[in-house]
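The values are calculated or read from the model by the stated rules, or taken from the named source; none is laboratory data. Nothing here was measured: the structure is a model prediction, and the numbers come from that model. Here the Cβ positions follow ideal geometry from the backbone for every residue, glycine too, while neighbour counts run over all protein chains shown.
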Amino acid sequence: MADAFKFELVSPERLVLAVDARSVVVPGSEGEMTVLARHAPLMSTLRPGVLVVEGDGGTRRIFVGGGFAEVGAQGLTILAEDAVAVEDIDRAKLEQDIRNGEEDVRDAKSEDARRMAMMKVERLKGMAAVV
Amino acid sequence: MASLKDLRLRIASVKATQKITKAMQLVAAAKLRKAQLAAEAARPYAERMEKVLYGLSSTLKSSPGAPRLLAGTGASKVHLLIVCTAERGLCGGFNNSIVRIARERAFALSSEGKDVKILCVGKKGNDALRRNFASWIVGLVELRGVKQIGYVNADEVGKRVLAMFEAGEFDIATLFYARFKSVISQIPTATQIIPVEVPADAAVKSDGAAYEYEPDETAILSDLLPRNISVQIFRAMLENAASEQGARMSAMDNATRNAGDMIRKLTLTYNKTRQAQITKELIEIVSGAEAL
């Protein structure tokens, strides 16, 4: 059995997850990679994608909307603005949100509001594309 | 001297005010706890971000290809002051102390011949700064109706600041907020966020491991720097939220105590007046009986 290492997923608002993992699949900006124990020190940016964390408690799939990964001597740390467990994402609701968002873009009164709405839609579409 | 009826009304109204300030104090205490928890929960992210950023920055700062967010625009002509304050008053000197340091900075900069632009986050700061600097205020971000400050709120401000920076609207950005030290002490603070200030001792990396960078150091840095702006703003907002509640709590505690003192004094006057009136009536009766 593979050795375990410390895995931490941190969002700006809180520490989302801190577990011992055996392997973590990370959606790096230059391709997916699997981090195992004693991985060489590495820093990489992330693209929107799904983290697959395998630990003692089974496999967890977590969507991240981009961010940053650091593998150091202590383990793997992921800084992500936006992290949602895949099982919490509701496909139908997501599609509804995208439609609502697109409507917001059309109805936006100011340039600022339009930009914000567009960003939101893009984020949701990124989520829909990988889940 | 006020009549007995006036005094009674006065006492009743002070009592009602005391009830309100007492309630506000309790609410602030509950909100303070929440705000502190949020500030603590946000710490790990900011700390790790800082570690990575400082490590990368100190190696890349002097290189010619360094991103502008790190190296600056090379000029220091236009300053942007981002002033974070509360949405409401009744919190002692909280808003005032932040506005004061921002105002001092703005005057100092303009006397040096620099241009100043002000972005207000929170209504109170805007209200106060409008008096002196109406033409310098470039925007106001209202957080009214935001119950719990989330990263999205900060990101919104961050994106706006970045867009302004990319459009060349300012050279140096400074963030004003109150750092939360304790319930009775909040320290108004100014932090420069663009270009990033790297402490001199940051070059020493904690674990000294040779990192492999993917894509490469410059690309990572230029991805990280804009994020850092939002994170810094988020942190300031959270500190501010905790400070605001702390300031309000102690202000309301004072108000409650003052109302108590006032009630005591008024009650004393009320009783004195009442007794004086009874004595006066007795004298009237006695002297009336003697006259017979």
Pick from segment B:128-182 the residues that are in a loop (DSSP other than H, G, I, E, B) and crowded, with 19+ Cβ neighbours inside 10 Å: which of them is nearest to the other protein chains (Cβ to nearest Cβ)?
-> B:Ile149
A:Leu46: within 14 Å of chain B (Cβ to nearest Cβ) and under 14 Å from A:Val25 (Cβ atoms), yes or no?
-> yes
Selection over segment A:29-44 where residues are small (Gly, Ala, Ser) and surrounded by 15 or more Cβ atoms within 10 Å (Cβ to Cβ) yields a count of 3
Filter segment A:17-28 for residues that are buried (at least 18 other Cβ atoms within 10 Å of the Cβ) and touching a Leu at 6+ places or on another chain (Cβ under 7 Å); the one that is farthest from the other protein chains (Cβ to nearest Cβ) is A:Ser23
Please identify the pairs in which a residue from segment B:25-52 that is more than 14 Å from every other protein chain (Cβ to nearest Cβ) and farther than 25 Å from B:Ile184 by Cβ has its Cβ atom under 7 Å from the Cβ atom of a residue that is polar (S, T, N, Q) and assigned to a helix (DSSP H, G or I), counting only partners at least 6 apart or on another chain.
-> none
Of the residues B:Ser62, B:Ser111, B:Ser76, B:Ser58, which is at pLDDT 90 or above, of a type in the set (Ser, Thr, Tyr) and surrounded by fewer than 21 Cβ atoms within 10 Å (Cβ to Cβ)?
-> B:Ser111
Residue, nearest to B:Ala42 (Cα to Cα), within segment B:134-160, restricted to residues that are in contact with a strand residue (DSSP E or B) (Cβ under 6 Å, 6 or more places away or on another chain) and not aromatic (Phe, Trp, Tyr) | B:Val157
Candidates B:Thr73, B:Thr59, filtered to the one that is more than 16 Å from B:Ala236 (Cα to Cα), in contact with a Gly (Cβ under 8 Å, 6 or more places away or on another chain) and not assigned by TED's automatic domain parsing to the domain that holds B:Thr17 = B:Thr73
Could you identify the single residue in A:Glu13, A:Glu8 that is at negative phi, in a loop (DSSP other than H, G, I, E, B) and surrounded by 19 or more Cβ atoms within 10 Å (Cβ to Cβ)?
-> A:Glu13
Reported set for segment B:85-122 where residues are over 11 Å from the mean Cα position of the chain (by Cα), under 25 Å from B:Gln245 (Cβ atoms) and assigned to a helix (DSSP H, G or I) is B:Arg100, B:Ile101, B:Ala102, B:Arg103
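The rows are residues; the columns are (1) part of a helix (DSSP H, G or I); (2) closer than 30 Å to A:His39 by Cβ; (3) at pLDDT below 90; (4) over 33 Å from the mean Cα position of the chain (by Cα).
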{"position": "B:Thr191", "(1), (2), (3), (4)": "no, no, yes, no"}
{"position": "B:Val196", "(1), (2), (3), (4)": "no, yes, yes, no"}
{"position": "B:Gly208", "(1), (2), (3), (4)": "no, yes, yes, yes"}
{"position": "B:Thr218", "(1), (2), (3), (4)": "yes, yes, yes, yes"}
{"position": "B:Glu244", "(1), (2), (3), (4)": "yes, no, no, no"}
{"position": "B:Lys272", "(1), (2), (3), (4)": "yes, no, no, yes"}
{"position": "B:Ala289", "(1), (2), (3), (4)": "yes, no, no, yes"}
